[in-house]
1. Give the residues of the stretch 1-18 that are surrounded by fewer than 15 Cβ atoms within 10 Å (Cβ to Cβ) and over 29 Å from Gln240 (Cβ atoms), sorted by residue number.
2. Looking only at the stretch 208-253, filter to residues that are β-branched (Val, Ile, Thr) and open to solvent by 20 Å² or more (accessible area, probe 1.4 Å); which one of those is nearest to Asp102 (Cα to Cα)?
3. Out of all the residues in the stretch 301-340, which are open to solvent by 30 Å² or more (accessible area, probe 1.4 Å), modelled with pLDDT of 85 or more, touching a Leu at 6+ places or on another chain (Cβ under 9 Å) and not small (Gly, Ala, Ser)?
4. List the helices (runs of 4 or more DSSP H) inside the stretch 243-326, counting only whole elements, that have at least 3 residues being of a type outside the set (Val, Ile, Thr), farther than 27 Å from Tyr8 by Cα and in contact (Cβ under 8 Å) with a residue 40 or more places away in the chain.
5. Condition (residue is within 23 Å of Ala293 (Cα to Cα) and open to solvent by less than 30 Å² (accessible area, probe 1.4 Å)) applied to the stretch 44-56: is it met by at least one residue?
6. Could you check how many residues of the stretch 110-123 are small (Gly, Ala, Ser), surrounded by 13 or more Cβ atoms within 10 Å (Cβ to Cβ) and either touching a strand residue (DSSP E or B) at 6+ places or on another chain (Cβ under 6 Å) or farther than 10 Å from Asn181 by Cα (or both)?
7. Let me confirm something: among Ala83, Ala64, which residue is more than 15 Å from the chain's Cα centre (by Cα) and buried (at least 20 other Cβ atoms within 10 Å of the Cβ)?
8. Just one of Ala143, Ala134 is touching a His at 6+ places or on another chain (Cβ under 8 Å), within 26 Å of Ala195 (Cα to Cα) and either open to solvent by less than 10 Å² (accessible area, probe 1.4 Å) or among the charged types (D, E, K, R) (or both); which is it?
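The values are calculated or read from the model by the stated rules, or taken from the named source; none is laboratory data. These numbers were taken from a predicted model, which means no experiment stands behind them. Virtual Cβ from ideal backbone geometry, glycine too; neighbours counted across all protein chains shown. Protein only, heavy atoms only, side chains kept; ligands, DNA and RNA dropped before computing areas. Shrake-Rupley method; radii C 1.70, N 1.55, O 1.52, S 1.80 Å.
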Amino acid sequence: IMANDGAYDLISGTMVCVLPIAAEGYFLNALDLEHIQFENPWWVQDMKEKLAIGGKLFGFVGDASLSLYKDLSVIYFNQKLIADYDLEDPYALVIDGKWTVDKVLEMAAAVSSDVNGDGKMTIGDDLFGYYYHAVPQRTWQTATEFSSIAYDDHDMPYMTPLQDRDTELFFKVLDFFERENVVGIDGIPHPDICAVFAADQVLFLNEFLYGTDYLRDMKSDFGIVPQPKRDEAQTQYHTQVGTSTSTFFIPTTVSDAELTSMVCEALSYYSWLEVIPAYYEVALKEKYNRDDAVKEMLNIIRDSAEVNFTFAYSTMFNPSINELLPSYWQKANNDVASWYAKNEKSWTKTIESIVEQYQDIES
């Protein structure tokens, strides 16, 4: 683009790697392209409200990116253990709007067993209520509407004070992760994480949707539900789009912006029409065909997909602003108010810098 040779008409790049350089003015504002209709279901909804800055949207996500689906964070549940422990049906809880953090905590607490009798809980040997990978677990921040960012009347982001209700949620989740039947992990292969779940050693698994790739031979039935709401007063579920999702960018040196925008719309439309249904069927094998509830859950999960500002721009913040809720490595950092106060000035400076750069870009 800097060479102005017009070599590329369309770029598909990892969101958190390419989006930061959008502030340098390399891409066209997608909201100015008439042939891309973001209200259509093959695009992630609310990008204008949650990803654009001051009416400028330089990176956009739709069904043309299969990673949009594969990198969605979900919760798997073991249907055998649900039955063995006479627990409530997670599918019914989701439909009734009762799939909440408290419900997850309550159900996970019911499943725990020192199977080998050695007096300690060891993943791979004993029975756990909840097992999570640190990266998808972070998306509870989006799912529970734990927000540190708001927008002014000009659609510009700014930092907000830490809310009391968010502090309460922090300590609730922190207490949950300190239970002996709850285990978090990072840095190990995803197949190994899924293998523990497949062996009926975990009730709930928080993992990406592509975890289904490693569960095809699981003998017990499993279910898939969205991340929980904060409480029943929350009106909708939220599913954070993975920060590694392939995202479209149209360079300013594009030879034919009108044609390229048509191609973007067509690619996402035909993927939505043909590719995504095929992916579901392949990823979930015969389970997708025999379990109507899975289909409904996948629709809810996809319809609730969104790109939260703190995740999309996370690599621009130091420390990360999308890790405010506890994870397995944060147990020592048990004072979210102090952590927030310590870093608020730095985060504010980063946001102000992004806003200033976007304001200088001619749309």
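1. Of everything in the stretch 1-18, those that are surrounded by fewer than 15 Cβ atoms within 10 Å (Cβ to Cβ) and over 29 Å from Gln240 (Cβ atoms) turn out to be Met2, Ala3, Asn4, Asp5, Gly6, Ala7.
2. Only one residue tops the list, namely Thr235.
3. Within the stretch 301-340, Asn308, Thr315, Met316, Trp339 qualify.
4. Numbers: elements: 257-270, 276-290, 292-303, 309-312.
By residue number, 276-290, 292-303.
5. Checked the stretch 44-56: at least one residue is within 23 Å of Ala293 (Cα to Cα) and open to solvent by less than 30 Å² (accessible area, probe 1.4 Å).
6. Total satisfying the criteria: 2.
7. After ruling out the rest, the residue left standing is Ala64.
8. So the residue among Ala143, Ala134 that is touching a His at 6+ places or on another chain (Cβ under 8 Å), within 26 Å of Ala195 (Cα to Cα) and either open to solvent by less than 10 Å² (accessible area, probe 1.4 Å) or among the charged types (D, E, K, R) (or both) is Ala143.
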